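Novice: Take this structure first; my questions come after.
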Amino acid sequence: MQSNIGPTNQQGQSQKLMVFVLSMALFGLGDLVTELVPDIGIGSIEFGVPYFGFIGLILVMLFNPLYAALGAAVGEVVFGDLLMGDFGGLGEIEGVLTLFIGLYIAGLLVKNLNSKFSIAIAGMVGIAVEQVLGGLADCIKVWVGVEDLEAIQGLPESIVILELVECSMEWVIAGVIVGIIPSIILIPKLHGKIEPLLGVKPRQGAYSQVAAGYLLVVSIAVFVGATLFGVIGEAIEIGAWEPDFIDQFGGWFVWVGMAIAAVVLIITLLLRPKSKQDFEHPKAG
């Protein structure tokens, strides 16, 4: 039976797994590239490229949004944190969940992959949700006392102002400059051409309005979970692993992670279904 919130194309488990691994490798590779881009500091706020938003947006809009969003969030942790020796432990789950729900929402909201306006609105909303949830979680951690307050003297509400400024700038950078602008150019060109090469049916149609209520419930649940993991992770450092290989071996170590991500990506592409029959007529069971 067809899902009441999904588009007309259906994918088997092998295709979903491939989308997950592909998303994990591509987003992780992009996250490592951002390590080579220098940040700009203004006072206590640093501006940089948090991640290449267009990679996640292209993946969640062209492929299964659930598995693509989950793969991207996991890829950031595996390649950007664990391989670089900068894993904060339990608290990292907060970032995984907020990035996941933001990209997932973007993938569900887009209605027409040939419409630049539809792509732009869905992408901007999705990235905005990710930034707002992450900013709120940071504020809550300060308010409950598990994270230090970077206060401006005489302005006790400075944490809110700082988060608003930081989230707004990251939304502009990740969501617009390296997110929406490349996406509205690439997605219409890739739609219907790249999916068959990977053994996946091109997406046809939009997700139904039933998804709106479903998304609201899921977003609230994800935010509560992300905040709890963030608070616990700051209060009790569980599972932290921070040898920081970049400091130990130098900036060239980023290329090691990029090579590993590239190998995973190549293996995934080599193991893709070899013909259209693999996804047009999936085997039962």
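Novice: Can you find a residue in the stretch 223-232 that is within 24 Å of G91 (Cα to Cα) and modelled with pLDDT of 85 or more? Step through it out loud before you land on a result.
Specialist: Taking the stretch 223-232 first, the residues within 24 Å of G91 (Cα to Cα) are 223-232.
Applying the additional criterion that residues be modelled with pLDDT of 85 or more yields none.
So far as the stretch 223-232 goes, no, none of its residues is within 24 Å of G91 (Cα to Cα) and modelled with pLDDT of 85 or more.
Novice: Those residues that are under 13 Å from L62 (Cβ atoms) and not aliphatic (A, V, I, L, M), I need them from the stretch 173-198; list them, please. Walk me through it before giving the result.
Specialist: Here is the first cut: in the stretch 173-198, the ones under 13 Å from L62 (Cβ atoms) are 183, 186-198.
Within the stretch 173-198, S183, P188, K189, H191, G192, K193, E195, P196 meet the criteria.
Table: residues versus (1) outside any loop (DSSP other than H, G, I, E, B); (2) of a type outside the set (F, W, Y).
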| position | (1), (2) |
| --- | --- |
| Y67 | yes, no |
| G71 | yes, yes |
| V77 | yes, yes |
| M84 | no, yes |
| E92 | yes, yes |
| V96 | yes, yes |
| L99 | yes, yes |
| G102 | yes, yes |
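Novice: Which residues, taken from the stretch 94-118, are among the small types (G, A, S) and surrounded by 24 or more Cβ atoms within 10 Å (Cβ to Cβ)? So that I can check it myself, show each step before the final result.
Specialist: Narrowing the stretch 94-118 to residues among the small types (G, A, S): 95, 102, 106-107, 115, 118.
Matches in the stretch 94-118: G102, A106, G107.
Novice: If a residue must be basic (K, R) and either under 16 Å from F54 (Cα atoms) or modelled with pLDDT under 85 (or both), how many such residues does the stretch 169-198 contain?
Specialist: We begin by selecting, within the stretch 169-198, every residue basic (K, R); these are 189, 193.
From what's left, either under 16 Å from F54 (Cα atoms) or modelled with pLDDT under 85 (or both): 189.
Going through the stretch 169-198 one residue at a time, the tally reaches 1.
Novice: In the stretch 199-217, which residues are modelled with pLDDT of 75 or more and β-branched (V, I, T)?
Specialist: V200, V217
Novice: Of all residues in the stretch 39-93, how many are within 22 Å of T227 (Cα to Cα), at pLDDT 90 or above and buried (at least 24 other Cβ atoms within 10 Å of the Cβ)?
Specialist: 5
Novice: Please enumerate the residues belonging to the stretch 1-37 that are at pLDDT below 75 and out of contact with any Pro (no Cβ under 9 Å at 6 or more places or on another chain).
Specialist: M1, Q2, S3, N4, I5, G6, P7, T8
The values are calculated or read from the model by the stated rules, or taken from the named source; none is laboratory data. These numbers were taken from a predicted model, which means no experiment stands behind them. Cβ: placed from backbone, ideal geometry, glycine included. Neighbour counts: every protein chain shown.
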